[in-house]
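These notes are about the structure you will find just below.
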Amino acid sequence: MKPDLFQAPDYFNLDELLTDEHKMVRDAAREWVKREVSPIIEDAAQKAEFPKSIIGGLAEIGAFGPYIPEEYGGAGLDQISYGLIMQEIERGDSGVRSTASVQSSLVMYPIFKYGTEEQKKKYLPKLASGEMMGCFGLTEPDYGSNPAGMVTNFKDKGDHYLLNGAKMWISNAPFADIAIVWAKNEEGRIHGLIVERGMEGFSTPETHNKWSLRASATGELIFDNVKVPKENLMPNKSGLGAPLGCLDSARFGIAWGAIGAAMDCYDTALRYAKERVQFDKPIAGKQLQQKKLAEMITEITKAQLMAWRLGVLRNEGKATSSQISMAKRNNVEMAINIAREARQILGGMGITGEYSIMRHMMNLESVITYEGTHDIHLLITGMDITGMPAF
């Protein structure tokens, strides 16, 4: 087992933009990843297993709902702290960050924003501690980029709702205790429902044979005449804007997380290039390798600045959905390009599990698609600047 020698690049002294609390939160997450994730993650990915043993640790470093107020079990941190935690976790693995992102932004966030006081008190403390895990049901077999077309629906049966339909590509589904499910009522209006494991007719078959996010559990959500208590409907927001608000929070986390994956690939490639000797000198002294490394650190620095500024805007309540889309798209593309270049620096060793690069590259193929595809985010920017939707 190789030691985790990661050293985070900070070419523009961005640490000077962070508060002491930001750095403390980040460093705690960084040390936890080095200690608890790095030693086991390659084996977990090879076996295509989510390491459930890390759930308690994720809760301890504040990865579950870090911005949720302390009265509901959260850490009461700001948005930059949330981003930094996601950055450090994804430095370890995108799949592990997905688990934390879903729990925070797609399960705890909607309960906190759209739920009743009773729902907040019932679920949020247990979600924050990791005692309870959740998932988010929006994507359907025939409706991915067009969630408004969803067919999952519920009918009012007097003392309960009757839920029918299916969701797919759902992170955490196989082991989740609750699912935040978006479905249409009889008038065609989208609402969020809290569906609990054990409700009759609710099943979560696991998705197998993935080449990406192998250390993350993915599955389906099947609803066959599921009776959902009326008190499980989140009443404070409906329509497509409700789930999209959750996705804004999750995409913000991804914009930071992707930087972590990129930093890990860059750091690995830089260290390898300094040690790997060909033609009587380390390959780090060769022009083409320096070109790759110089471009990597440049792109990472630009992404860091974008994420930090977006975090400031989120803290001030000024960040737009379009700005979040731009950051998610840019930073994930940056990360996947760096993973590919880093793999080339390592040559044949780059494809082995002895190094993290190929795992990051495969993971990022999912990250560039989920929570808004690369193309859709481009069109969101296009619509924002022209005023004309192209989808």
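Data for the structure
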item: Selection from PRO125, ILE297, SER145, by position along the positive dipole direction of the chain (Cβ); result: ILE297
item: DSSP-assigned coil residues among GluC sites (Glu not before Pro) in segment 157-220, each with at most 13 further Cβ atoms within 10 Å; result: GLU186, GLU187, GLU200
item: More than 16 angstrom apart: percent of Cα pairs within segment 330-374; result: 34
item: Cut-off 9 Å between beta-carbons: net charge of the residues surrounding MET168, Lys and Arg +1, Asp and Glu -1; result: -1
item: Full-stretch length increase - GLU21, GLU117 - with 0.36 nm per residue and alpha-carbon distance subtracted; result: 31.6 nm
item: Radius 9 Å from Cβ of GLY245, net charge of other residues (Lys, Arg +1; Asp, Glu -1); result: +1
item: Given charges at Cβ of Lys, Arg, Asp, Glu: segment 1-99 dipole, positive-most of ILE55, GLN87, ALA8; result: ILE55
item: Accessible solvent surface per residue of the chain, calculated while the other protein chains remain in place, 1.4 angstrom probe, Å²; result: 43
item: Positive-pole candidate from MET349, GLY192, ILE380, dipole of the chain, charges at beta carbon; result: MET349
item: Low-density loop positions, chymotrypsin sites (Phe, Trp or Tyr not before Pro), segment 163-232 - DSSP coil, at most 13 other Cβ in 10 Å; result: TRP211
item: Inter-probe distance in nm under a simple model that places probes 7 Å from Cα toward Cβ, at SER321 and SER145; result: 1.6
item: Formal net charge of residues neighbouring LYS122 (Cβ-Cβ distance under 11 Å; K, R +1; D, E -1); result: -1
item: Calculated FRET value between ARG197 and GLU31, using beta carbons and R₀ = 51 Å, to 0.05; result: 0.95
item: Gaussian network model of the chain, springs between alpha carbon atoms under 10 Å - residue of GLU70, GLU275, GLU231 with greatest fluctuation; result: GLU275
item: About the Cα centre, charge dipole magnitude for segment 136-206 (Lys/Arg +1, Asp/Glu -1 at Cβ), debye; result: 120
item: Kirkwood Rh in Å, taken over all unlike Cα pairs in segment 183-271; result: 16.6
item: Share of carbon and sulfur in the accessible heavy-atom surface of the chain [1.4 Å probe, %]; result: 51
item: Sequence-separation-based contact order of segment 201-300, relative, with Cα cut under 8 Å and 6+ spacing, percent; result: 17
item: Cross-link pairs beyond the 32 Å C-alpha cut-off, checked among LYS121/LYS157; LYS47/LYS281; LYS167/LYS292; LYS210/LYS237; result: LYS47/LYS281; LYS167/LYS292; LYS210/LYS237
item: Förster-model FRET efficiency, 41 Å R0, ARG340 and ASP159, C-beta, rounded to 0.05; result: 0.15
item: Convex hull volume of the chain per residue (C-alpha atoms, cubic angstrom); result: 136
item: Per residue convex hull volume, Cα atoms of segment 126-280, in Å³; result: 154
item: Residue of MET150, MET24, MET362 that the Gaussian network model of the chain assigns the largest fluctuation, springs spanning Cα pairs under 10 Å; result: MET24
item: Potential lengthening between GLN290 and GLU131 on full extension [0.36 nm per residue; Cα-Cα distance subtracted]; result: 52.5 nm
item: Rh by Kirkwood over Cα pairs, then Stokes-Einstein D for segment 3-145 at 0.890 mPa s and 25 °C, µm²/s; result: 153
item: Compactness relative to 2.2 N^0.38 Å, alpha carbon Rg of segment 84-216; result: 1.08
item: Sparse-neighbourhood loop sites, trypsin sites (Lys or Arg not before Pro) in segment 290-325 - DSSP loop, at most 12 other Cβ within 10 angstrom; result: LYS318
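The values are calculated or read from the model by the stated rules, or taken from the named source; none is laboratory data. Bear in mind that the values here come from a model prediction, so they are computed numbers and not experimental data. Methodologically, a virtual Cβ is constructed for each residue, glycine included, from the backbone with ideal geometry; neighbour enumeration extends over all protein chains shown. Side chains are part of the model used for accessible areas, which takes the heavy atoms of the whole protein and leaves out ligands, DNA and RNA. Shrake-Rupley method; radii C 1.70, N 1.55, O 1.52, S 1.80 Å.
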